[in-house]
Amino acid sequence: MDTIIMRGKPVADAYREAISKKITEAKERGLLVTLAIIVVGDDPASHVYKDRLVKLIESLGGAAKVILMPAETPEAEVISTIKKLNRNRYVSGIMPMMPMPKHINSDNVGAAISPNKDVDCLNPQNIGDVFMGRSRFAACTPRACMATLEHYGIELEGKRVAVIGRSNVVGKPVSVLLLQKNATPTICHSRTKNLPEILQEADIIVAALGKPCFVKPEMVKEGVVIVDVGINAVDGKLVGDVDPAVEAKASAFTPVPGGIGVVSNMMLMECLTRHL
Ligand code: NAP
């Protein structure tokens, strides 16, 4: 069996040209496409992510407006900053880095973002749109999973998919997108009782639980397709939620790093240009 390594770069590259063209055309009309990134506090992962996004948007011809706020910033101040960005016609998209410090309710932050500038689907109106079938508004990571499966020609219709994780940013929306493609998703979480049986039956597994190397070879069937969303730092290295030993049984898998994460960032850029 030839195993397909579903690397993220070719998927991201397939979007790059169209996005960069839109950004260049906007520039010719006098609009510099700008992503506002808000980081509250010192979470190291948020700062790494912010730096990556700045580099990416600049490589596409756009710009980033980075707003750094101290960890103790009151929620009301973060929200009033977002409202100003909503009114700023030079800002095309707004991306607040999560997680926010504990005293800030991230749902309130998401709801404050104008639906038109909500590049990672945090506003309830956009979340509702996704559930109604308007998937282009979905968050960047679920869209990255779907774009990757499509790029590598993975058939979804009629397939049993086990999604591990039910977060609002990954597990729930990816299940809805899979459903729209006529797959049969089963959403699993920390209280799921018969997880090994569900995984054994799955044609495709989307792992998004944030537990390093959680999915083991004995849990999956031969020929399974693995979409590993997990990004976990272990001993200074990044590992997924799926044990690399699973690759020997898989017909296709996304590597970590170099898999879904790369595509997610490009999906965010695509969202930034969707109204141009
Ligand atoms: P999250 O909000 O922490 O959600 C984790 C989910 O996994 C929860 O629904 C939880 O269940 C479930 N879970 C935890 N332990 C489990 C277990 N032992 N068995 C079954 N389910 C279990 O995480 P997230 O934000 O969705 O992110 C998930 C992973 O994806 C993380 O590693 C994160 O770093 C990564 N991520 C990657 C990207 C990317 O672009 N590649 C983007 C976002 C996130 P309960 O609901 O019952 O607690």
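Taken together, the values in this text are just the output of simple stated rules run on the coordinates, not laboratory data. Just so it is clear, the structure is predicted and the values come from calculations on it, not from any experiment. Counting neighbours? That spans all protein chains shown, and the Cβs are built from the backbone with ideal geometry, glycine included.
First check a/c for the range 30-115, with a ≥ b ≥ c the square roots of the eigenvalues of its C-alpha gyration tensor; if it is under 1.5, answer rounded, and if not, answer prolate when a/b is larger than b/c or oblate otherwise. Kindly include the intermediate steps, with their values, before the conclusion.
On the way: a/c = 2.38, a/b = 1.31, b/c = 1.82.
Taking the square roots of the gyration eigenvalues as a ≥ b ≥ c, the range 30-115 is oblate.
As a test of the formula, what do you get for the chain when each DSSP H run with n ≥ 4 contributes -39,500 (n - 2.57) and the sum is divided by the residue count, at 222 nm and rounded to the nearest 500 deg cm²/dmol?
So the helix-based figure for the chain works out to -12000 deg cm²/dmol.
Report the relative contact order of the chain, percent, no decimals, based on alpha-carbon pairs under 8 angstrom and at least 6 residues apart. Can you show the working numbers first?
Working: 537 pairs, mean separation 57.7, N = 276.
Relative CO of the chain lands at 21 percent.
MET95's amide H: which non-local residues (gap 5+, or another chain) put their own amide H closer than 5 Å, with H modeled 1.01 Å from N in plane and none for Pro or chain starts?
Here the answer is ALA36, ILE37, ILE38, since their amide H atoms fall under 5 Å of that of MET95.
Within 10 Å of each candidate Cβ there may be at most 16 other Cβ atoms; applying that plus a DSSP loop requirement, which GluC sites (Glu not before Pro) in the range 144-233 survive? Could the numbers behind the result be given before it?
Numbers: sites: GLU150, GLU155, GLU157, GLU197, GLU201, GLU218, GLU222; in loops: GLU155, GLU157, GLU222.
Those satisfying the criteria are GLU155, GLU157, GLU222.
Considering the dipole of the chain built from charges on the beta carbon (Lys and Arg +1, Asp and Glu -1) around the Cα centre, which of ILE127, VAL48, SER80 is farthest to its positive end?
With unit charges placed on the Cβ atoms, the residue in question is SER80.
Each residue of the range 227-232 in turn: what ³J(HN,Hα) in whole Hz from Karplus with 6.51, -1.76, 1.60 and θ = phi - 60°, glycine and Pro shown as x?
Coupling constants for the range 227-232: 10, 9, 8, x, 10, 10 Hz.
Quick one: net charge around PRO10, please, counting Lys, Arg +1 and Asp, Glu -1 for every other residue with C-beta under 13 Å from its C-beta. Spell out each step's value before the answer.
On the way: positive: ARG7, LYS9, ARG16; negative: ASP13, GLU17, GLU150.
Here the count lands on 0.
VAL239: net charge of surrounding residues, Cβ under 12 Å, Lys/Arg +1, Asp/Glu -1, itself excluded? Don't jump to the answer; show the numbers that get you there.
Numbers: positive: LYS211, LYS237; negative: ASP228, ASP235, ASP241, ASP243.
Within the 12 Å Cβ shell, the charges total -2.
Please list, ordered by chain and number, the residues whose modelled amide H lies under 5 Å from the amide H of LYS159; skip anything fewer than 5 residues away on the same chain.
THR184
Treat the count of other C-beta atoms within 10 Å as a stand-in for reagent exposure and order PHE131, PHE137, PHE214 from fewest to most. Before the final figure, lay out each step's value.
Numbers: PHE131 14, PHE137 21, PHE214 18.
Ordered by Cβ neighbours within 10 Å, fewest first: PHE131, PHE214, PHE137.
In percent, how large is the relative contact order of the range 30-115, given Cα pairs closer than 8 Å and 6 or more residues apart? Mind showing how you got there, number by number?
Working: 117 pairs, mean separation 35.6, N = 86.
For the range 30-115, the relative contact order is 41 percent.
Measuring from label point to label point, each 7 Å out along Cα→Cβ, what is the HIS189 to GLU247 span in nm?
3.3 nm
Could you pull out the GluC sites (Glu not before Pro) across the range 45-95 that fall in loop regions by DSSP (anything but H, G, I, E, B) with no more than 15 other Cβ atoms inside 10 Å?
Numbers: sites: GLU58, GLU72, GLU75, GLU77; in loops: GLU72.
For GluC sites (Glu not before Pro) across the range 45-95 that sit outside H, G, I, E and B with at most 15 neighbouring Cβ atoms in 10 Å, the list reads GLU72.
In the range 105-202, which trypsin sites (Lys or Arg not before Pro) fall in coil by DSSP and have 14 or fewer other Cβ atoms within 10 Å? Spell out each step's value before the answer.
Details: sites: LYS117, ARG134, ARG136, ARG143, LYS159, ARG160, ARG166, LYS181, ARG191, LYS193; in loops: ARG134, LYS159, ARG166, LYS181, ARG191, LYS193.
Here the sparse-neighbourhood loop sites are ARG134, ARG191, LYS193.
Could you go through the range 41-55 in sequence order and give the Karplus-derived ³J(HN,Hα) for each residue, using 6.51 cos²θ - 1.76 cosθ + 1.60 with θ = phi - 60°, rounded to whole Hz, and x for Gly and Pro?
x, 10, 3, x, 4, 5, 5, 4, 4, 4, 4, 5, 5, 4, 4
Expressed as an acute angle from 0 to 90° and rounded to the nearest 10, what is the orientation of the C-alpha long axis of helix 8-28 relative to the principal long axis of the chain?
So the helix axis and the longest Cα principal axis differ by about 20 degrees.
With N denoting the number of residues in the range 136-261, provide Rg(C-alpha) divided by 2.2 N^0.38 Å, to two decimal places. Please report the intermediate quantities before stating the final value.
Working: Rg = 13.1 Å, N = 126, 2.2 N^0.38 = 13.8 Å.
Dividing the Cα radius of gyration by 2.2 N^0.38 Å gives 0.95.
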